[in-house]
Structures are given as C-alpha cells and as structure tokens.
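The values are calculated or read from the model by the stated rules, or taken from the named source; none is laboratory data. Just so it is clear, the structure is predicted and the values come from calculations on it, not from any experiment. Cβ placement follows ideal geometry from the backbone for every residue including glycine, while neighbour counts extend to all protein chains displayed.
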Amino acid sequence: MALVVKISSLKEATDEQLLAQFKQTGDQQALAELYLRYSELLYGVCLKYLEDAEEAKDAVMNIYQELLIKVPRHEIQNFKSWVYVLTKNHCLMQLRSAKKILR
C-alpha cells in the first residue's frame, strides 16, 4: 500500500510528488500545479504545429482534460517529456481530423 505524503506547498513539490498525490488522492490541485508549470511549453508546441494562436490556446485547454483521464492510466517516469509527447500527438490528431473534414 502506497503511503500518501501530504505536501505542504504545491509550488515546492517535485513533479513526482505532485503526480503521486494526484494518482493516490485525485487531488486536482496537484495536477493543476503540474499543468501550470508546463503550460507555456504546451502552448509553444501547439503553436508550432497548429500555426494559429487561438487554436493553440484551445488545444492547451483540451490537453488539461486529457490529463485528467490519461495520467491515472499511465506509469509516468518524466512528466515533462511525457506531456510534451501527449501535446504533440494531440496536435497531430487535430491536424489529421481537420484534413478529413476538408476532403
């Protein structure tokens, strides 16, 4: 049985501690802190692929919803690289679906 460690300050917690807290307790504040740490990176990736600021902002917001579902299901070793790949794949899927609509 995993021990739940209460983190005194989410800002001071490591990515690993925040992930563990979210997975063990469902504490969305821990996930939100992780998300906010990397939101600029996510926006940059989305802007690179989607080439539209508003679409990139929407994609970053949608990625938070995806995190709520996918984080508990995956064994994440390095959150930054994992969320980068998740974001890239999200954008590529969005581009593919836009191509299908145009046909």
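Residues that are assigned to a loop (DSSP other than H, G, I, E, B) and of a type outside the set (Gly, Ala, Ser) within the stretch 5-24 comprise 5, 6, 7, 14, listed in sequence order.
Report yes if residue 70 is among the basic types (Lys, Arg) and closer than 17 Å to residue 92 by Cβ, otherwise no. Explain how you work it out, then say what you get.
On the way: among the basic types (Lys, Arg): yes; closer than 17 Å to residue 92 by Cβ: yes.
It is true that residue 70 is among the basic types (Lys, Arg) and closer than 17 Å to residue 92 by Cβ.
Take the conditions (1) of a type outside the set (A, V, I, L, M); (2) at pLDDT 95 or above; (3) more than 23 Å from residue 57 (Cα to Cα); residue 12 misses just one of them, which is (2).
Yes or no, residue by residue, for (1) surrounded by fewer than 20 Cβ atoms within 10 Å (Cβ to Cβ); (2) out of contact with any helix residue (DSSP H, G or I) (no Cβ under 9 Å at 6 or more places or on another chain); (3) within 24 Å of residue 96 (Cα to Cα):
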residue: 13; (1), (2), (3): yes, no, no
residue: 31; (1), (2), (3): no, no, no
residue: 43; (1), (2), (3): yes, no, yes
residue: 49; (1), (2), (3): yes, no, yes
residue: 62; (1), (2), (3): yes, no, yes
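With respect to residue 44, is the statement that it is small (Gly, Ala, Ser) and modelled with pLDDT under 95 true? So residue 44 fails the test. Of the residues contained in the stretch 95-103, none is found to be buried (at least 18 other Cβ atoms within 10 Å of the Cβ) and either among the aromatic types (Phe, Trp, Tyr) or at negative phi (or both).
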